[in-house]
Every structure is written in structure tokens, then in C-alpha cells.
Amino acid sequence: MSKYPIIIFEGIEASGKTTNFKIAANYLKKRKKSFVKLREPGGSIFSEKIRKLILNKKLSLNNKTDLLLFYAGRSENFEKIIKKNYKKKIILIDRFTDSTIAYQHYGMKIDLKVIKMLNKFIIGNFNPNIVFLSTVNSKNLQKRLRNRSKLNRYDKFKIKFYNKVQNGYEIISRNKSKYIKINSNTNTINEVKKIIINKLEKLI
């Protein structure tokens, strides 16, 4: 295992993914570990501008445009942030390539071959060491989204869409040891912290 692993956090909206990302970042900071963090969509200065377009609830983007915007942002992140810090710092990423497959293929039905081709073109053979995958049931998903003060475009899909995406994540992660699944319906925040920190301690 690399001294500076690549750690990804995945999951649909309101699954606890970003909270788990923050738990990991706070732990690494407390341990005074050298790390860099970024999110998708977002990351580099240019990628954050792309994020505003992707998540703008006033826009109606077709699925192909959506996909290509994600890859434009990922390309900038990979060239300007990830490659610069690879094997020099621990890299934490809030959503990455699995998210594209889950949302754009399983959710939006874009050809998986196209997505894999673009992944290969943008990041080559770059792969994470571990993926924390958060899950949530439909009832809690709806409840948590209702409690959000602001909703972006990706918070406003129908429940059927989120179910397709979460099922996609299940297919992607099935029988693969690098995935650590966290059920946000049954795990308390303290239990989640324990799962994440125990895994990080083994990694670093």
C-alpha cells in the first residue's frame, strides 16, 4: 500500500458522503498528515466554475453536455492537482470516476463504453486505493433533501433516478475489496467515524 493513498468518497445525495469526507479530512489534519482534498464537480479554480454550471438548477442541460462538463473539470483537476500531489501527499476526493459511471451510465443511460473511454483518455490507469461508499434508503433521502436550505440541480431528480444510481454503485462495488460500505440508515455518526478512522489508520 502506498504511503500516500488515494481515497475516494462516493454515494448519492444525502447519503452522508460529504460528512464522511470531512471526518477523514479532520482526522488527517489532527494527525498532521500531508494531504490534499478536492471535490467533483469542482476542485481547481476552473473546475469550480464548471461546478456552478453543472449544479445550476435554472439550467436544463442534456445528458451528453452534463457528461462532458464533468470530464472537463476532471481533466483540469488531474493535470493541475492530482498529478502534482500523486505519491507526495494523501489525496482525498469527494466523488470520482465511479460517480460518473453510476450517474451518467446507470442513471442517465449513457453508453458505458464511452464513459470508460473518456476515463482512460483523461486519467489513464490512475486508480484509488480505497473507496468509502455511503448508502441511504429512499425515505431518509427524501427527508434529508427536504431539510436542506438550498437545493441544486442534482438534488431535484426523481427518487427513481437516485435508486438507479445507488443500484449502479452496488454493481460497481460488488465483490471488490477496496470498497468500504457505510449504511447511513443504521450506523450512528460515532460508528461511522470509527469505521473511517480504523481504515485510515491501517492505510497510513
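Summary table below
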item: Residue 112 paired with residue 137, simple spin-label distance in nm, labels 7 Å along Cα-to-beta-carbon; result: 2.8
item: Pairwise centroid distance, computed over Cα atoms, of the stretch 116-177 with the stretch 33-105, Å; result: 14
item: Computed label-point distance, nm, for sites residue 197 and residue 32 using a 7 Å Cα→Cβ extension; result: 1.8
item: Whole-number percent relative contact order across the chain, with pairs defined as alpha carbons under 8 Å at least 6 apart; result: 36
item: Listed peptides 99-109, 188-198, 82-92 by packing density, highest first (mean Cβ within 10 Å); result: 99-109, 82-92, 188-198
item: Theoretical ellipticity at 222 nm over the chain - DSSP helices of four or more residues, -39500 (n - 2.57) apiece, nearest 500; result: -14500 deg cm²/dmol
item: Sequence ranges 138-147, 34-43, ranked by mean other-Cβ count within 10 angstrom, highest first; result: 34-43, 138-147
item: Cβ crowding within 10 Å averaged over residues, with 157-166, 10-19 ranked highest first; result: 10-19, 157-166
item: Distance violations [Cα-Cα > 31 Å] among 37/64; 80/202; 32/158; result: 32/158
item: Relative exposure of 170, 201, judged by other C-beta atoms within 10 Å (fewest first); result: 201, 170
item: Computed P(r) (all Cα pairs; the stretch 60-133; 10 Å bins; percent); result: 17, 52, 27, 4
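Computed from the coordinates by the stated procedures, all read-outs in this text should not be read as laboratory data. Quick caveat: nothing in here was measured; it's all calculated off a predicted structure. Note that each Cβ is placed from the backbone with ideal geometry, even for glycine, and that neighbours are counted across all protein chains shown.
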